[in-house]
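Some notes on the structure that comes next.
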Amino acid sequence: MNLLAACFVILLIAGKLGAPRVADSRRHRHHHHHDDDDDDGSRRRSPPEGKQHLTQKLFVFGDDFADTGNGASDPDLGYNSREWRYPFGTSDTAHARRPSGRFSDGPVQSDFMAKIMGRREAPPPYTYDDWADGIDANGLNFAVGDSGALDTPAGVTRLGKQVQQLRRLLKDGRVERRDLRDSVALVAYSGNDYAYADDDTFDGLMETVVEELASVVSDLQDLGVGKVLVNTVPPFGCSPWLTRQFNYTACDDRGNAGPDRHNAALRDRLGVGGGDDDAGGLMLLDVNSIITGLVAPKGEEGSPSALAARFTELLRPCCEATDGDRGYCGLDGGYSLCDRPGEYFFWDTDHPTQAGWRAVMQLLQGPIMAFLGISNLEHF
């Protein structure tokens with residue numbers, strides 16, 4: 001989420017929302033195979049056990065947490081194209097340690113989701129091609145930084161429109177309906193819509209956001225997508241933008257109240273819980289509780305996960321803005337950079353490092369594998 005604008009608002013609404021709650025290659029048309037009649041009536045064979053996930057396409061929708069290159073790269077956009085400038089990508093050996101449009105020093109959530117499914121990285125960004133010859137065998141990534149469920153900045157495609165992009169590819173024959181039956185959709189939403197909410201508008205906005213997220217899920221299922229995974233929003237109060245006031249030693253419980261309210265409403269609306277609940281092909285990825293368990297210091301939310309021991313800095317960002325509010329990660333002369341990003345959970349004001357994302361997705365890997373019917377454990 002773009003917390004530069006949001007964090008002050010969260011502080012305003014926090015008192016009203018109450019205390020937080022920790023909750024539960026070459027492109028070609030790719031035909032999937034399982035025991036079912038094909039569109040032409042022919043029988044299709046199942047892949048060997050343990051290989052089913054290798055026939056599943058991954059379609060990614062969302063924002064900064066999942067974008068792998070859909071955002072504009074024009075340097076004149078300044079802050080709004082920072083993900084395309086150094087030091088972003090400095091730990092990403094798969095892309096020559098160069099920026100690739102990811103909001104981190106390396107792989108992001110969508111990359112690790114793809115790894116769980118046996119792929120090297122997230123499927124290619126939608127904007128890379130017109131896909132006239134059919135989409136990539138691994139799927140497609142529609143996510144773009146700063147996206148949201150409702151209004152978005154100019155040039156940024158909101159979630160519902162991202163689903164419409166997939167619908168158009170299906171209508172044009174560039175995606176085949178039988179591909180969607182075995183496909184997986186990740187909806188990586190981090191809460192950008194709340195950037196300009198205040199204490200008078202938050203509750204109404206939350207209802208609208210949750211309804212739109214439910215509509216996105218419904219539209220994906222109506223298209224025939226077999227499995228849909230949806231993020232809870234992260235704990236804003238544990239982001240460096242808000243922990244800076246405590247010298248990066250504690251989360252701001254008041255700042256976590258909004259996400260807790262949103263996540264509770266989302267669970268109720270979708271009719272699912274956290275963990276590995278499977279409600280009609282739908283899973284809620286409890287990113288909020290996982291991040292809270294990793295970064296909340298002892299005494300705040302109980303003992304951190306054992307994976308937290310990997311990090312010497314849980315709340316301080318590796319790429320820290322300097323020059324007051326005028327600096328930001330990616331601005332020449334506007335940031336300081338840590339020596340060991342792998343020891344930091346957060347990359348910048350609100351995005352995890354690749355090490356942070358690895359820890360989050362390792363904790364979610366078991367439930368995701370069970371939900372998708374994957375038996376082969378991928379190590380990353």
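The values are calculated or read from the model by the stated rules, or taken from the named source; none is laboratory data. This is a predicted model, so every value here is computed, not measured. Here the Cβ positions follow ideal geometry from the backbone for every residue, glycine too, while neighbour counts run over all protein chains shown. With ligands, DNA and RNA removed, areas are computed over all heavy atoms of the protein, side chains included. Shrake-Rupley method; radii C 1.70, N 1.55, O 1.52, S 1.80 Å.
Dipole magnitude of the stretch 118-208 about its Cα centre, charges +1 at Lys/Arg Cβ and -1 at Asp/Glu Cβ only, in debye to the nearest 20? Provide the component values of the computation, followed by the final result.
Numbers: 11 positive and 17 negative charges, 143 e Å.
Its charge dipole is roughly 680 debye.
If each of residue 95 and residue 203 carries a label point 7 Å out from its Cα toward its Cβ, how far apart are those two points in nm?
Simple spin-label model gives 4.2 nm for this pair.
Would you mind putting 212-220, 235-243 in packing order, based on average other-beta-carbon counts within 10 Å, highest first?
Details: 212-220: 19.2, 235-243: 27.2.
Most protected by this proxy first, the peptides run 235-243, 212-220.
If I compute solvent accessible area with a 1.4 Å probe over the protein chains, what percent of it on the stretch 126-185 is carbon and sulfur?
On the way: 1060 of 2500 Å².
Reported share for carbon and sulfur atoms: 42 percent.
Using a/c under 1.5 as the rounded threshold, could you call the stretch 89-238 rounded, prolate or oblate? The axes a ≥ b ≥ c are square roots of the C-alpha gyration tensor eigenvalues, and prolate needs a/b larger than b/c, oblate otherwise. Show your work: numbers first, answer last.
Working: a/c = 1.83, a/b = 1.20, b/c = 1.53.
Note, shape of the stretch 89-238 comes out oblate.
What is the gain in length, in nm to one decimal, between residue 170 and residue 247 on full extension, counting 0.36 nm per residue of separation less the C-alpha to C-alpha distance? Mind dumping the intermediate values first?
Numbers: separation 77, 0.36 × 77 = 27.72 nm, distance 5.01 nm.
Extending this stretch completely gives an extra 22.7 nm.
Pop a pseudo-label 7 angstrom from the Cα along the beta-carbon direction at both residue 77 and residue 379 and give the gap in nm to one decimal.
Placing both labels 7 Å beyond Cα along the Cβ direction yields 3.9 nm.
How large is the charge dipole for the stretch 221-380, taken about the Cα centre, if only the Cβ atoms of Lys, Arg (+1) and Asp, Glu (-1) carry charge, to the nearest 20 debye?
Working: 12 positive and 21 negative charges, 27 e Å.
Rounded to the nearest 20 debye, it is 140 debye.
To the nearest µm²/s, what D does Stokes-Einstein give for the stretch 284-380 at 20 °C and 1.002 mPa s, using the Kirkwood radius over alpha carbon pairs as Rh? Walk me through the intermediate numbers first.
Values: Rh = 14.7 Å.
Value of D from the Cα-based Kirkwood radius: 146 µm²/s.
Using the Cα centre as the reference, give the magnitude of the dipole from point charges on the C-beta atoms of the stretch 317-380 (Lys, Arg: +1; Asp, Glu: -1; all else neutral), rounded to the nearest 20 debye. If you can, show how the numbers build up before the last one.
Numbers: 3 positive and 9 negative charges, 65 e Å.
About 320 debye.
Rounded to two decimal places and with Rh computed the Kirkwood way over Cα pairs, what is Rg over Rh for the stretch 155-293? Let's see the in-between values first.
On the way: Rg = 16.7 Å, Rh = 16.3 Å.
Using only Cα positions, Rg/Rh for the stretch 155-293 is 1.02.
Tell me, what ³J(HN,Hα) does each residue in the stretch 131-141 have, in order and in whole Hz, if you take phi through Karplus 6.51 cos²θ - 1.76 cosθ + 1.60 with θ = phi - 60° and put x for Gly and Pro?
6, 5, 8, x, 7, 4, 4, 8, x, 7, 10
State the volume of the convex hull built on the alpha-carbon positions of the stretch 82-123, expressed per residue in Å³ and rounded to an integer. All intermediate terms of the calculation are to be shown ahead of the outcome.
Working: hull volume 2.3 nm³, N = 42.
Enclosed volume per residue, from the Cα hull, is 55 Å³.
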